[in-house]
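Values in this text are rule-based calculations from the coordinates and carry no lab data. All figures in this text were calculated on a predicted structure; none of them were measured in a lab. Here the Cβ is made from the backbone with ideal geometry for all residues, glycine too, and neighbour counts use every protein chain on show.
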Amino acid sequence: MFGLNSKDTRAFLLIAALAMLAPILLNPFPTGSALAQFNAGYPDLMQRFVIFGIFAIGFNILFGLTGYLSFGHAAFLGVGSYSAVWMFKLLSMNVVPALILSVIVAALFSIFIGFVSLRRSGIYFSILTLAFAQMSFNLAYSVFTPITNGETGLQVYNSDPQYLMAEGDPTVTHFFGLEMRETFTLQLGGWSFDFAAGYYMCALLLLAAFYLSVRIFRSPFGLTLRAIKSNQQRVNYTGLNARPYTLAAFVISGMYAGLAGGLLACMDPLAGAERMQWTASGEVVLMTILGGAGTLIGPVLGAGFIKYFENIFSKINDTVLHQWFAFMPDGLENVIVTIVHPFIGKGWNLTLGLMFMAVVIFLPGGLVEGGQRIGKLFSKRIPSDAASAAGRPSE
Amino acid sequence: MGILEVSDVNKRFGGLQALGNVNLNIAANTVHAIIGPNGAGKSTLLNVLVGKLIPDSGTVLFDGHSVLGRKPYEINQLGISRVFQTPEIFGDLTVMENVMIPCFAKRDGAFKMQGLASILSQSDIRATAEMILEDVNMLGKSNMTASSLSRGDKRRLEMAMCLVQEPKLLLLDEPTAGMARADTNNTIDLLKEIKSKRDITMVIIEHDMHVVFSLAERITVLAQGTPLVEDTPDNIKGHPKVREAYLGEAQV
C-alpha cells in the first residue's frame with residue numbers, strides 16, 4: 001500500500017489504529033474508579049505521546065540509520081517552538097504558518113550545526129552537538145532575550161501585532177477556525193472518552209511522519225545510511241561521499257524535531273528555553289533506545305512508554321499508596337509505603353531509570369525486541385531462522 | 001602507455017623513507033604483483049594509489065588523471081577498487097544489500113538523494129547484483145547477514161562488491177592473508193576466472209609466493225621503499241638480487 005511492502009503496511013496500520021483509537025485505548029478504566037488514575041486518555045497527555053513520537057521518529061532517522069548519536073536534538077525542538085510562537089505573535093493564531101516556519105527554521109539551524117558537528121564522528125560528534133545545544137539554551141536564556149523573552153518564556157500577548165488576525169478569529173490556536181482545544185466528549189456508561197481536535201491533528205502528522213520515515217528506511221538513501229553505520233571505510237572506498245548523506249539525515253531529523261517543537265507550541269502557545277536543555281536531548285535518546293533504535297515503530301513505542309510512565313508515576317503520591325496497602329497491618333503498611341515512596345511522585349525518574357537499565361541489559365533491541373520474543377513464544381512453529389531474520393533490529 | 005603510471009614518488013614518515021623514487025608502469029589488462037619484505041613500502045604505495053596518503057613528491061597518473069589530492073571516493077569513481085587485507089564489508093547488511101550499494105554508487109555517483117524511491121523497485125540494480133553474486137558463487141547466500149559469513153565468503157563478497165562496479169583497476173592487498181591452503185587455491189581460481197571474463201587490470205600485494213607465481217604476469221620487487229627489479233615471474237625466480245633481498249634461501 002502506498003509503496004510499502006506488506007510488513008511495513010502492517011506496521012503502518014498498527015500505528016494508525018493506535019493513534020486513531022488512543023482516546024479509547026488509553027481510557028480502559030471507568031471514570032471515578034480506583035484505577036482511573038492509570039487512564040492516560042486525556043488530550044494533554046496524548047498530544048505529548050504523539051509529539052514526542054514524532055521527535056523520536058526523526059531522531060531515529062539519524063541515530064538508528066547512521067549511528068551518529070546526537071546529544072543536542074532538543075535545540076531543534078526549542079527552535080521550532082520559538083518560531084511557532086513568533087508566527088502566532090506576528091501573523092495570527094493559525095497553526096499552519098507556525099508549523100511551516102518551525103520546520104524551515106529548524107532545517108536551517110540543523111544545516112549549520114550538522115555541517116560543523118559532522119566533521120567528527122563517535123563521541124566527538126556527540127559532544128559537539130551537546131555543546132551546540134547547551135550554547136543555544138544559554139543564549140536563549142540570556143543574550144537572546146529580545147527574541148526568546150528569556151526566563152519568562154515566549155508567549156502571545158494582547159498587544160502583539162498579529163497582522164493577519166481578522167475580526168472574530170479565535171484567540172486560541174486554531175486550524176482555519178477549528179480550535180485546537182475543541183473536544184468532543186463521549187459518555188458511555190461509566191466511561192468517558194475525549195476526542196480533541198488538537199490531538200487528532202498531531203496524530204495525523206505523526207502518521208505522515210511515520211510514513212515518510214518508512215519510505216526513507218526502505219530507500220537507497222536509507223540503505224546507504226545503514227552502510228555508513230556499518231562500515232564507513234568501505235563506504236569511502238565504494239565511491240560514496242559519506243558527508244552529504246549524514247548531513248541530509250541530520251537535517252531531516254532536525255526538521256522532525258522542529259515539527260515536534262512547533263506542535264508543542266500549537267497545543268500550548270508558549271516556548272521556554274528549558275525545552276532546549278540537555279535533559280530534553282537526553283530524553284529523546286532514551287525514547288529511541290528504549291523502544292529500539294533502528295526499528296520503525298520502536299521510537300514511537302519508546303516515546304509513549306516514557307511519557308506514560310512519567311505521567312503515571314509522578315501522579316501517585318503517599319495518600320494513594322496508603323489506599324493501596326490499606327489491607328495490611330498498620331506497621332507493615334507504613335514500612336511498605338516508605339520503601340515505595342522514593343520511586344513515585346518526584347522520584348519517577350528513579351523508576352524510569354531502573355526500567356531503562358533493565359531494558360538495555362536484557363533487551364538490547366528495546367521494546368520491539370521484547371515484543372518479538374513474546375511473539376516467538378506464541379508461534380514456535382515458525383522455523384527459527386525465518387523468525388530471527390524477521391526480528392533483526394535493522395529490518 | 002600503462003593504465004597506471006607512478007613517477008618519482010617519495011614519502012617520508014619522520015626519519016623513515018617509506019617510498020624513495022618509486023617508478024612503476026602498469027600495463028592495462030595485466031596482473032601485476034608487488035612483492036617485498038616487511039616494511040618495504042608495499043602498503044604505503046597502495047595507500048598512495050587510493051588517496052589515503054598523499055606523497056611528498058612525484059605523480060600518480062591513472063588512465064590520464066592524476067589521483068593525487070583526490071579523496072578515496074573520488075578515486076573510486078575514476079575506476080579503482082580496493083580489496084583489503086581483512087575484508088571490509090557491511091557486516092550489518094545482507095549479502096545482497098552489500099552488493100547493491102556499490103551498484104548505486106556506480107550508477108548515481110558519490111551522492112544522490114533518493115529518499116523516497118524503494119529499494120525493491122530497483123530491478124536493474126538487483127539483476128546486476130545477482131549476476132555478480134552468481135559469478136562468485138554466493139547467490140545462495142544473498143539473504144544472509146554479511147557478518148555471519150565465513151572468512152572465505154567474506155573475501156568473495158568483498159570481491160563481488162568491487163567487481164560489480166566494473167573497475168578498470170583492482171587493487172588487492174594480501175587477498176589470501178591468513179587463509180588455509182585450500183582457501184588460498186580457491187581465491188587464486190576465483191581471481192583467474194575473474195581475469196578471464198573481463199578486461200581488468202589487477203595489482204596484487206602479496207607475501208605468499210605461491211599466489212604471486214600462479215597469477216602474476218609482471219612482478220615488481222620492492223625493498224626499503226625502492227623498486228629493486230621488475231620482470232616476468234620466471235626471470236624473478238632466478239634473479240640473484242631478489243633471492244638475496246627477499247626470497248632468502250627458500251626454494252620456490
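Taking every residue in B:65-72, how many Cβ atoms of other protein chains lie within 10 Å of its Cβ, on average?
Neighbouring Cβ atoms belonging to other protein chains average 1 per residue here.
All other residues with a Cβ under 11 Å from the Cβ of residue B:27 taken together, and with Lys, Arg as +1 and Asp, Glu as -1, what is their net charge?
Net charge in that neighbourhood comes out at -1.
Would you please give the FRET efficiency between residue A:208 and residue A:320, computed as 1/(1 + (r/R0)^6) with r the Cβ-Cβ distance and R0 = 30 Å, to the nearest 0.05?
Once rounded, the FRET efficiency stands at 0.20.
Looking only at region B:2-29, which residues have a backbone nitrogen under 18 Å from a spot 7 Å from the Cα of residue B:235 in the C-beta direction?
Answer for this model: B:2, B:23-28.
What is the order of B:111, A:217, fewest Cβ neighbours within 10 Å to most?
With the fewest neighbours first, B:111, A:217 line up as B:111, A:217.
I need the GluC sites (Glu not before Pro) found in region A:156-224, filtered to DSSP loop residues with at most 11 other beta carbons within 10 Å of theirs.
Passing sites in region A:156-224 are A:167.
Taking Cα pairs under 8 Å and at least six residues apart, what relative contact order does region B:90-166 come out at, in percent?
53 percent
Mean residue ellipticity at 222 nm from the helices of chain A, using -39,500 (n - 2.57) per DSSP H segment of n ≥ 4 over the full residue count, to the nearest 500 deg cm²/dmol?
Value at 222 nm, helices only, nearest 500: -21000 deg cm²/dmol.
Taking 7 Å along the Cα-to-C-beta vector as the label spot, tell me the residue A:14-residue B:57 distance in nanometres, rounded to one decimal.
Modelled inter-label distance: 6.6 nm.
Restricting attention to region B:145-252, which trypsin sites (Lys or Arg not before Pro) occupy a DSSP loop and are surrounded by at most 14 other Cβ atoms within 10 Å?
B:198
Could you tell me the extents of chain A's C-alpha atoms along the three principal axes, largest first, rounded to whole Å?
If we take the Cα atoms of chain A, the spans are 71, 67, 42 Å.
Take peptides B:65-78, A:95-108, A:248-261, A:329-342 and line them up by average Cβ neighbours within 10 Å, highest first, as a rough protection proxy.
Descending packing order for the listed peptides: A:248-261, A:95-108, B:65-78, A:329-342.
Please list, by residue number, everything in region A:17-54 whose backbone N is under 17 Å from a paramagnetic label point 7 Å out along Cα→Cβ of residue A:185.
Only A:23-24, A:27-33, A:36-37, A:39-46 fall inside the zone, counting backbone N under 17 Å.
Based on the Cβ-Cβ distance of residue A:104 and residue A:38, what FRET efficiency does E = 1/(1 + (r/R0)^6) give at R0 = 51 Å, to the nearest 0.05?
That pair, residue A:104 with residue A:38, gives E of 0.80.
Treat every Asp and Glu Cβ in region B:90-166 as -1 and every Lys and Arg Cβ as +1, leave all other atoms uncharged, and give the resulting dipole magnitude about the Cα centre to the nearest 20 debye.
Dipole size: approximately 160 debye.
Which residue, A:66, A:255, A:205, has the largest displacement toward the positive end of the dipole of region A:6-285 when charges sit on each Cβ (Lys, Arg +1; Asp, Glu -1)?
After comparing all options, I get A:66.
Among bridges DSSP assigns within chain B, what percent are antiparallel (round to 5)?
55 percent
Could you give the dipole magnitude of the protein assembly as shown about its Cα centre, charging the beta-carbon of Lys and Arg +1 and that of Asp and Glu -1, in debye to the nearest 20?
Value, rounded to 20: 740 debye.
If the limit is 26 Å between Cα atoms, which of B:112/B:197; B:71/B:112; A:229/A:307 go over it?
B:112/B:197; A:229/A:307
Taking 0.36 nm per intervening residue step and subtracting the Cα-Cα distance, what contour gain separates residue A:21 from residue A:361 on full extension?
Answer, rounded to one decimal: 119.2 nm.
Give the average over all directions of the projected area of the C-alpha convex hull of chain B, one decimal, in nm².
For chain B, averaging the hull's shadow over all directions gives 14.3 nm².
Each residue of region A:175-189 in turn: what ³J(HN,Hα) in whole Hz from Karplus with 6.51, -1.76, 1.60 and θ = phi - 60°, glycine and Pro shown as x?
Listing the rounded values in order: 10, 6, x, 7, 5, 5, 8, 4, 9, 9, 9, 9, 9, 9, x Hz.
Counting only residues 5 or more places away or on other chains, whose amide H sits under 5 Å from the amide H of residue B:229 once H atoms are built in the peptide plane?
B:221
Between beta-carbons, use under 15 Å as the cut-off and find the net charge around residue A:211, counting Lys and Arg +1, Asp and Glu -1.
+3
Which order do B:138, A:87, B:113 fall in if you start with the one that has the fewest other Cβ atoms within 10 Å?
B:113, B:138, A:87
Region A:156-179 to region B:1-31: how many Å between their Cα centroids?
Between the Cα centre of region A:156-179 and that of region B:1-31, the gap is 72 Å.
Cα centroids of region A:181-253 and region A:25-100: how far apart, whole angstrom?
13 Å
Would you please classify the overall shape of region A:36-132 from the alpha carbon gyration tensor, given that a ≥ b ≥ c denote the square roots of the eigenvalues, rounded means a/c under 1.5, and beyond that prolate means a/b larger than b/c while oblate covers the rest?
Oblate is the answer for region A:36-132, as a/c is 1.5 or above yet b/c matches or exceeds a/b.
Grab the beta carbon distance between residue B:23 and residue A:378, set R0 = 51 Å, and tell me the FRET efficiency rounded to 0.05.
My answer for the efficiency is 0.15.
Let me know the Rg and Dmax you get for region B:90-166 when you use only its Cα atoms, in Å.
12.0, 36
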